[in-house]
1. Restricting to segment 2-11, count the residues that are surrounded by 11 or more Cβ atoms within 10 Å (Cβ to Cβ) and either more than 14 Å from the chain's Cα centre (by Cα) or aliphatic (A, V, I, L, M) (or both).
2. When the residues of segment 32-47 are filtered to those that are surrounded by 17 or more Cβ atoms within 10 Å (Cβ to Cβ) and of a type in the set (A, V, I, L, M), which remaining residue is farthest from Leu15 (Cα to Cα)?
3. Quick check on my filter: what residues within segment 8-47 are assigned to a loop (DSSP other than H, G, I, E, B) and not basic (Lys, Arg)?
4. Just checking, how many residues over segment 62-93 are surrounded by 14 or more Cβ atoms within 10 Å (Cβ to Cβ), without any contact (Cβ under 8 Å) to a residue 24 or more places away in the chain and of a type in the set (A, V, I, L, M, F, W, C)?
5. Look at segment 48-79 and say how many of its residues are part of a helix (DSSP H, G or I) and over 14 Å from Thr11 (Cβ atoms).
Amino acid sequence: MNGALSVNTLTAFMLPLVTHCMLGHTMNKEHNLVSQAISSLGTISSRLPWARYYAMLKHYLKKLPREKAMQKTIVRLVLIIIIKVIILVIILIT
């Protein structure tokens, strides 16, 4: 193993922990924590196999119309998830 976290560790431990930081802290004074959580979730998503990545993306896209108070945060998350994977694909192609 090269020191990378396993997919199971990412999905069973890191995703719930970081998701709680993002969705559980919406106050303006905690915007740095929310921004870091969004960035971390984007990085985690880029390390997932396609099926789990797609499930994560689909989960947040479904939340978008239902979570009116969290729409801005969820949109930021969806964008970072997509951008991180595009960057990864570009790196792999070149």
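1. Just the residues of segment 2-11 that are surrounded by 11 or more Cβ atoms within 10 Å (Cβ to Cβ), to begin with: 5-7, 9-11.
With either more than 14 Å from the chain's Cα centre (by Cα) or aliphatic (A, V, I, L, M) (or both) added as a condition, the list becomes 5-7, 9-10.
Total meeting the criteria: 5.
2. Val34
3. Keep residues of segment 8-47 that are assigned to a loop (DSSP other than H, G, I, E, B), which gives 24-27, 47.
Residues satisfying the conditions are Gly24, His25, Thr26, Met27.
4. Going through segment 62-93 one residue at a time, the tally reaches 3.
5. The first filter runs over segment 48-79 and keeps only residues part of a helix (DSSP H, G or I), leaving 50-66, 68-79.
Then keep just the ones that are over 14 Å from Thr11 (Cβ atoms); that gives 58, 60-66, 68-79.
Counting residues in segment 48-79 that are part of a helix (DSSP H, G or I) and over 14 Å from Thr11 (Cβ atoms) gives 20.
Every number here is computed from the coordinates shown, using simple stated rules; none is lab data. Note that this is a predicted model, so its numbers are computed, not measured. So basically every Cβ, Gly included, is an ideal-geometry build from the backbone, and we count neighbours across all protein chains shown.
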